[in-house]
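Just below is one structure, and these are the notes that go with it.
The values are calculated or read from the model by the stated rules, or taken from the named source; none is laboratory data. Bear in mind the structure is a predicted one, so any value in this text is a computation, not a measurement. Because the Cβ atoms are built from the backbone with ideal geometry, glycine has one as well, and the counts that use them run over all protein chains shown. Accessible surface areas use protein heavy atoms only, side chains included; no ligands, DNA or RNA. Shrake-Rupley method; radii C 1.70, N 1.55, O 1.52, S 1.80 Å.
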Amino acid sequence: MSFFKRLRESIASKTEAVTSKFKEGLAKTRSLLTDRVAELFTRRSKIDEAFFEELEEILIGADVGVNTVMELIDDLRDEVKKRKIDQPAELQPILSEKLMDMLRGSGEDAALKTNPDGITVILFVGVNGVGKTTTIGKLAWRFKQQGKTVLMAAGDTFRAGAIEQLEVWGQRTGVDVIRQEAGSDPAAVMFDAVQEAKRRGVDVLLCDTAGRLQNKANLMEELAKIHRVIQREIPGAPHETLLVLDAATGQNALQQAKLFGEKSGVTGLVLTKLDGTAKGGIVIAIRNEMALPVKFVGLGEKMDDLQEFDAEQFVHALFAGLAGNPEETEEN
């Protein structure tokens with residue numbers, strides 16, 4: 001069986017498993033990115049320098065990121081030489097596979113880390129306005145659907161209305177919120193929340209934090225203090241520190257990821273508002289340029305629209321019509 005036949009069959013079988021959530025949530029990105037790629041592959045009769053230049057322009061336009069696009073184009077050029085490909089249709093399944101490789105990373109790191117012997121503590125960081133509180137609320141609902149007991153900590157004590165916003169989500173999901181007065185020390189809130197979580201014996205503690213970029217140094221010190229308080233009370237915690245990013249901000253989201261990075265102990269990423277942007281390619285750029293796994297993506301406004309990230313689902317939701325049907329080309 002030829003290389004292309006095996007690759008097409010593999011992609012076809014995985015495409016069948018793509019959920020409607022990913023298809024619907026990525027509709028705007030698909031209209032910008034995939035439709036243009038499909039048109040390019042149909043219009044061009046051969047793979048030449050002009051073909052690669054146009055593909056490069058399309059990918060950068062979808063916020064896949066210059067560095068990532070350069071790397072991807074170089075890989076595709078190598079495959080063209082290696083496989084002696086000259087028809088664009090033959091390159092379609094390879095493009096999908098390369099994108100999946102970029103998104104997949106090590107694979108196993110995409111699973112949410114939990115504490116098998118007690119309370120799982122998840123800390124959420126990110127700048128104001130990215131959907132951090134909404135993400136916490138939806139994740140609380142998700143855990144409750146799994147039969148887990150959940151508690152939330154209102155550690156963003158500086159932004160006006162942040163505590164109340166988390167309490168609204170607490171009412172929606174039936175999850176209690178541990179809070180203090182506005183302006184209180186966030187680390188003190190976390191201490192109270194951890195003590196209450198221990199007293200109740202809950203399964204999961206979800207912790208909100210402030211996101212004041214204008215005080216970057218102070219913010220990082222504050223996050224480090226919160227980490228120390230939690231670790232002192234529950235060794236090994238927090239089990240995840242998730243950086244929440246607004247996908248609609250494109251390259252700004254990538255810059256925020258680099259800004260927080262490992263300085264704030266980030267272990268994974270959440271990309272929100274993918275359904276509202278045509279710049280979903282930023283997920284590829286962030287995953288490729290940061291040594292951090294994407295844990296969840298926001299694909300809509302409903303409670304269950306916060307989905308665990310799946311590289312295959314993501315790529316096939318975008319490129320499901322592009323596996324192509326190139327003529328058999330035997331391996332050399």
For Gly280, list long-range residues whose amide hydrogen, built 1.01 Å from N in the peptide plane, is under 5 Å from its own amide hydrogen.
Thr29
When the chain is treated as a Gaussian network with springs between alpha carbons less than 10 Å apart, the largest mean-square fluctuation among Glu222, Glu57, Glu289 is found at Glu57
With DNA, RNA and ligands ignored, accessible area of Trp169 (1.4 Å probe; Å², nearest 10)
20
At a probe size of 1.4 Å, how large is the accessible area of Ile58, to the nearest 10 Å²?
0
222 nm [θ] for the chain, helices only, -39500 (n - 2.57) per DSSP H run of 4+, per residue, to 500?
-15500 deg cm²/dmol
Taking the 0 to 90 degree range and rounding to the nearest ten, how far is the long axis of helix 3-15 tilted relative to the main principal axis of the chain, both from C-alpha atoms?
40
Any chance you could check the Cα centroid distance between the stretch 142-192 and the stretch 53-106 for me, in angstrom?
43
Among the listed pairs Lys28/Lys138; Lys81/Lys295; Lys46/Lys98; Lys84/Lys273, which have their C-alpha atoms separated by more than 29 angstrom in this model?
Lys81/Lys295; Lys84/Lys273
The stretch 120-309, relative contact order in percent, only Cα pairs under 8 angstrom and at least six apart counted:
25
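Express as a percent, rounded to the nearest 5, the fraction of DSSP beta bridges in the chain (both residues included) that run antiparallel.
10
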Under unit Cβ charges (Lys, Arg +1; Asp, Glu -1), what dipole magnitude, rounded to 20 debye, does the chain have relative to its Cα centre?
800
If packing is taken as the average number of other Cβ atoms within 10 Å across a peptide's residues, how do 248-260, 127-139 rank, most packed first?
127-139, 248-260
Karplus (6.51, -1.76, 1.60) ³J(HN,Hα), θ = phi - 60°, over the stretch 192-198, in Hz, Gly and Pro reported as x:
4, 5, 5, 4, 5, 4, 5
For the chain, what % of the accessible area comes from carbon and sulfur atoms, probe 1.4 Å?
46
